[in-house]
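Everything below concerns the one structure shown next.
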């Protein structure tokens, strides 16, 4: 167990209730705010503990068996033994891509490929990266570490 960015030693959590977006009239502005592109898909947490990967839904169900290619990709991240990542699991549709509104897709059209867009690194190798003393972009720092 390591000391975390917010001063607390911690173990990798089994599941974290996701912070969901809220509809507002105008996006906040200023240096304290980061914004993400809206993707159509399933909100998904990836929990990596050595070689074991869970793809966790908003309610904590593990969908790794449903999307083994995505789970295997996360298992293959180099230089990481334990991590909890937040992202969106998106299906790519023929000639459309990941940004289309699913409700408008024909029900017989199935995605040709699934990908996970990771946008937040919550825990890394024993460190809780959610506190105010943490780097502004822990996922970016992690990517630099494994590159």
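From the residues in segment 77-99 that are surrounded by fewer than 13 Cβ atoms within 10 Å (Cβ to Cβ) and touching a helix residue (DSSP H, G or I) at 6+ places or on another chain (Cβ under 8 Å), which one is modelled with the highest pLDDT?
78
Tell me which residues, restricted to segment 19-60, are under 15 Å from the mean Cα position of the chain (by Cα), modelled with pLDDT of 90 or more and in a loop (DSSP other than H, G, I, E, B).
Correct list: 57, 58, 59, 60.
Need the failing condition index for residue 64 against (1) exposed (fewer than 11 other Cβ atoms within 10 Å of the Cβ); (2) at pLDDT 90 or above, just the number.
(1)
So residue 131 ticks every box in (1) in contact with a strand residue (DSSP E or B) (Cβ under 7 Å, 6 or more places away or on another chain); (2) modelled with pLDDT of 70 or more but one. Which box is left unticked?
(1)
The values are calculated or read from the model by the stated rules, or taken from the named source; none is laboratory data. Keep in mind it's a predicted model, so treat the numbers as computed, not measured. Positions of Cβ are generated from backbone atoms using ideal geometry, with glycine treated the same way; all protein chains shown enter the neighbour counts.
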